[in-house]
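Note sheet for the following structure.
The values are calculated or read from the model by the stated rules, or taken from the named source; none is laboratory data. This structure is a prediction, so every number in the text was calculated from the model and none was measured. FYI the Cβ positions are ideal-geometry reconstructions off the backbone, even for glycines, and counts take in every protein chain you see. All accessible areas refer to the heavy atoms of the entire protein, side chains included, with ligands and DNA or RNA removed. Shrake-Rupley method; radii C 1.70, N 1.55, O 1.52, S 1.80 Å.
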Amino acid sequence: MAALAIYVFRARPRHSVNRWFAAYTATLTGWVLGIAGLHSGMNPEVWSRATFLSASLIPWSFLGFTQNYPTPGSWPPPRVLRASFVISTVFAVLSLATPLIVHDIAVTPDGPTREPGPLYPMLAVYILVGCLTPLGVFIGKWLRARGQARAQLQYLGTGLFILGVGGIGANLLFPLLTGRSPYSWLGPFFIAPLVALVGHAIIRHRLMDLRPFINRGLAYALATVVASAVLITISRWTIPETQTFSLNAEMLIVVVVVLALLSSPSQRFFSRVIDPYLYRGRIDHASALRHATRQLTRLMQPRELSATLRQILTEAFVPESFSMSVLPSQGKALEQLSEGAPVGMDLQTLVTLSTDRSSPMVVVVNPAGETDARKATHDALRAAGIEVVVSLGRRGQLLGAVLLGSRRSGDAYFGNDLAFIESLSELASIALENALLYQQRIQMLEYSDRLLESLDSAVVAIDISGRITSFNPAATKLLSLMERHRGALLDVLPSEVGWALAFAAAGFWQPRDAEVTIDHDQRGVLHVILSTAVLHDDEARVTGALVVVTDLSAVKTLEKNQRRIEHFAIMARFYAGLAHEIRNPLAAISNFISMLPDRFDDPEYRDTAVRLLPIEVARIVRLADRLRLMAPSEGGKLSVVALPPLLNDIVAIHSPTAQEQRVKIFLQCPEELPKIQGDPSQLVQLFVNLLRNAIEAMPDGGTVGIEAELLSSRTTGDRVIVRVIDEGPGIDPAVRAKIFEPFFTTKPSGTGLGLSICQEIADFHRARLTLFSRTNFGGTVAEVEFPSPPADPTR
């Protein structure tokens, strides 16, 4: 006991618990030593007085120890401790120096005897009160304590119970009632469990659950008694000479029974039969860990993992609080996943200071066992009701933390409990790492979905069988896709987009930045640019294809406006040139008119005027014709126009002139051709310009064909096509890109405005004008494609 007192004191001499434990153990040691000296028979007077001296100091040291164990309390106050010390010191001095306590001490064959002094009853009452008062302090602390503190008080309560039943009864109550001390030698043996249990609770931070230990011990003791009694009874019954059955034989039977109970078969029997009865209602750590393993191996997000851990730990320990935090990535603060965390506390700092490592670790909050910053951290955790800190980490990286409050039952987290939590923290760390990766994947997918939703470009994906698997909202607007088209084949897409996806998925061709036109139900012909990509799986096998289609309508509108601006700039220069050209003949005419009064009768003047004035007037007429050709097409008004009579009239009017140039005009136009929306005068100008270009392209004569037809398509609807076909030399590829530019011409006397005006008229009618060479027969085809005609109620 003296060695234990010195060991505990030297371990932490600054802690009040260690100091008071050393003082309490020292007084008990003096009491035990006095009893041992008294029973030795040498100087019984001295040893007896030394025993009472130590016993007088026990209430004071016991009260001080209870006030500070396991944590300092508010009662008793310092003045009560001082008063107890004074009273204990007085009784100690009186016991040592006067016969007022005891006298005439002697050792007889029946045990030590003594004569009580007049103050002996007062000392007995003081010792009883001095033991009952700490017992009251202990009960009050035990009712308020939780967790480790409650477990440590359980150790103290167990030791007090043993001491109260044995030590006080044998060394105080029995001598007080009989006047003799025959059993005083038993007292020290009852002190040893108290000192050992309390010393264990102070030294060990991971407390052993005392109740299963006691239950198992009682079970073994009971089994030993029963088995020994049965065997001894059987032996006495089978052996007739009972006097030959000595005490040594009975002890031998007891020893054999004890050894048998400690053997492996008996241990297995206790584990299988006795333990389930003794530990019923308590957690089965192995079964709970298997259940937790099944729950934590499935894939889940961090918040779901937090709820699962809460459920597992609540079923096992029923903590007063549970909180879990995760560290999404390095450099970020811990993110709180559940309620119940300490408010206003820097959790990351607390976890770092309390664990000092990023691998899974379980730390029991114990401010008394820490110093400096770690002590302040543990004090803050204890003030917040936190009993256990579990850090979750993988590969040297802190991933999160779990904070557990005290158990609602008041029990501590014992060694087996902490071992279970450590094993659970390993599983939880793996599950948390997977959960964070899963959360990142979900976030990436959500980001991709939001990115696709925010894109103005249409995105369509297909599988290897050519069925549409997904598309974004822009595809519903640009490609007229709907939810019912998911899983449909490629033929629901515009043909240009469908073929591009088919080629990409088959590996024949992967279009990139290809500019094409598609037909939209409401917006008509749209210019788009598309790019494709091939989709692969983890084994690099082709699983489908993806296309991105971007609407170029805005770009085309800008280009058209830019061309219009350039056209206006050219027109400005053209008009300035026309003004200059008109001013010259007008100036000549004005000069002739100004000389008319003076030279009217001059023959030379009249001859010159007759010869020059018609020339100047012809120049002005030609300039006026050129101005008429530059009339803007926006001035027209759309109405319902029947193309067959309009084309027949054009052919009838221009056939005679064409025949003079050895050109024949043939018209192929069905009478049932649908009507279109257009301006008749502008359409006449459009077809006449195309017809003139075709005639002028054949100076040696030939044939010009005018064809009109209706084309129907499931994706683009009905289209009316008019073609003007000549047998000329065709279009030179070198000038193909410039044929629609104003003032560009290959004719010696051309103005370069014909095709430019035709393009403007086609744009005004939302039609598409294209010129291309005939590959088989030579010549040029001018094709005008008008949009879908409106429904004709007369048909």
Pair list, Cβ under 9 Å, 6 or more apart: region 9-21 residue small (Gly, Ala, Ser), other residue open to solvent by 60 Å² or more (accessible area, probe 1.4 Å) and outside any loop (DSSP other than H, G, I, E, B): Ala11/Ile203
Of residues in region 754-776 being free of Cβ contacts under 8 Å to residues at least 40 places away in the same chain and out of contact with any strand residue (DSSP E or B) (no Cβ under 9 Å at 6 or more places or on another chain), the one nearest to Gly678 (Cα to Cα): Thr775
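May I ask you to say which residue of Thr775, Thr794, Thr770, Thr751 is at pLDDT 65 or above and either over 57 Å from the mean Cα position of the chain (by Cα) or on the phi > 0 side of the Ramachandran plot (or both)?
Working: Thr794 fails: at pLDDT 65 or above; Thr770 fails: either over 57 Å from the mean Cα position of the chain (by Cα) or on the phi > 0 side of the Ramachandran plot (or both); Thr751 fails: at pLDDT 65 or above.
The unique qualifying residue is Thr775.
For (1) crowded, with 17+ Cβ neighbours inside 10 Å; (2) of a type outside the set (Gly, Ala, Ser), each residue gets a yes or a no:
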site: Leu28; (1), (2): yes, yes
site: Gly64; (1), (2): yes, no
site: Thr108; (1), (2): no, yes
site: Pro112; (1), (2): yes, yes
Residue that is surrounded by the fewest Cβ atoms within 10 Å (Cβ to Cβ), among those in region 366-406 that are without any contact (Cβ under 8 Å) to a residue 60 or more places away in the chain, at negative phi and assigned to a loop (DSSP other than H, G, I, E, B): Thr371
Residue match in region 480-499 (condition: of a type in the set (Lys, Arg) and either open to solvent by less than 40 Å² (accessible area, probe 1.4 Å) or part of a helix (DSSP H, G or I) (or both)): yes
Test: residue in region 465-475 that is among the hydrophobic types (A, V, I, L, M, F, W, C), modelled with pLDDT of 85 or more and in a strand (DSSP E or B): yes
Matching residues, region 291-303, being loosely packed, with under 14 Cβ neighbours inside 10 Å and either among the charged types (D, E, K, R) or without any contact (Cβ under 8 Å) to a residue 60 or more places away in the chain (or both): Arg294, Arg298
Residue under evaluation Ser88, criteria (1) at pLDDT 90 or above; (2) surrounded by fewer than 16 Cβ atoms within 10 Å (Cβ to Cβ); (3) among the polar types (S, T, N, Q), criterion not met: (2)
Filter result (at pLDDT below 90 and outside any loop (DSSP other than H, G, I, E, B)) within region 696-709: Glu696
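Pick from Thr71, Thr98, Thr51: which is open to solvent by 30 Å² or more (accessible area, probe 1.4 Å) and closer than 24 Å to Tyr24 by Cβ? Step through it out loud before you land on a result.
Numbers: Thr98 fails: closer than 24 Å to Tyr24 by Cβ; Thr51 fails: open to solvent by 30 Å² or more (accessible area, probe 1.4 Å).
Going through Thr71, Thr98, Thr51 in turn, just one is open to solvent by 30 Å² or more (accessible area, probe 1.4 Å) and closer than 24 Å to Tyr24 by Cβ: Thr71.
Given the structure, is Ile589 hydrophobic (A, V, I, L, M, F, W, C), modelled with pLDDT under 80 and surrounded by 14 or more Cβ atoms within 10 Å (Cβ to Cβ)? Walk me through how you get there before you give the answer.
Working: hydrophobic (A, V, I, L, M, F, W, C): yes; modelled with pLDDT under 80: no; surrounded by 14 or more Cβ atoms within 10 Å (Cβ to Cβ): yes.
Here the answer is no, as Ile589 does not meet what is asked.
Determine whether Asp537 is acidic (Asp, Glu), open to solvent by less than 70 Å² (accessible area, probe 1.4 Å) and over 29 Å from Ser712 (Cβ atoms). Please lay out each step first, then the result.
Working: acidic (Asp, Glu): yes; open to solvent by less than 70 Å² (accessible area, probe 1.4 Å): yes; over 29 Å from Ser712 (Cβ atoms): yes.
Considered against the rule, which asks whether it is acidic (Asp, Glu), open to solvent by less than 70 Å² (accessible area, probe 1.4 Å) and over 29 Å from Ser712 (Cβ atoms), Asp537 comes out as yes.
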Unmet requirement for Val555, which otherwise passes all of (1) without any contact (Cβ under 8 Å) to a residue 60 or more places away in the chain; (2) under 27 Å from Pro787 (Cβ atoms); (3) hydrophobic (A, V, I, L, M, F, W, C); (4) in a strand (DSSP E or B): (4)
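Out of the residues in region 500-525 meeting the condition of being more than 20 Å from Val542 (Cβ to Cβ) and in contact with a helix residue (DSSP H, G or I) (Cβ under 6 Å, 6 or more places away or on another chain), tell me which one is most open to solvent (accessible area, probe 1.4 Å). Give the derivation first.
First, the residues of region 500-525 that are more than 20 Å from Val542 (Cβ to Cβ): 513-525.
Adding the requirement that they be in contact with a helix residue (DSSP H, G or I) (Cβ under 6 Å, 6 or more places away or on another chain) leaves 516, 518.
On the way: Val516: 37, Ile518: 2 Å².
Out of the qualifying residues, it is Val516.
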Number of positions in region 70-100 that are in contact with a helix residue (DSSP H, G or I) (Cβ under 6 Å, 6 or more places away or on another chain) and part of a helix (DSSP H, G or I): 8
In region 659-670, the residues that are at pLDDT 90 or above and either among the acidic types (Asp, Glu) or crowded, with 16+ Cβ neighbours inside 10 Å (or both): Val663, Ile665, Leu667, Cys669
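Within region 458-479, how many residues are closer than 20 Å to Val555 by Cβ and open to solvent by less than 20 Å² (accessible area, probe 1.4 Å)? Show your work before the answer.
Residues of region 458-479 that are closer than 20 Å to Val555 by Cβ, as a first pass: 458-459, 474-475, 477-479.
Next cut, open to solvent by less than 20 Å² (accessible area, probe 1.4 Å) only: 458-459, 474-475, 478-479.
Here the count works out to 6.
Which members of region 33-48 meet the condition of being surrounded by 14 or more Cβ atoms within 10 Å (Cβ to Cβ) and out of contact with any strand residue (DSSP E or B) (no Cβ under 6 Å at 6 or more places or on another chain)? Write out each step before concluding.
Initially, region 33-48 is screened for residues surrounded by 14 or more Cβ atoms within 10 Å (Cβ to Cβ), giving 33-35, 37-39, 44-48.
Scanning region 33-48 gives Leu33, Gly34, Ile35, Gly37, His39, Val46, Trp47.
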Strands (runs of 3 or more DSSP E) contained entirely in region 639-689, each with at least 1 residues that are of a type in the set (D, E, K, R): 663-668
Residue check, Pro70 in contact (Cβ under 8 Å) with a residue 24 or more places away in the chain and not β-branched (Val, Ile, Thr): yes
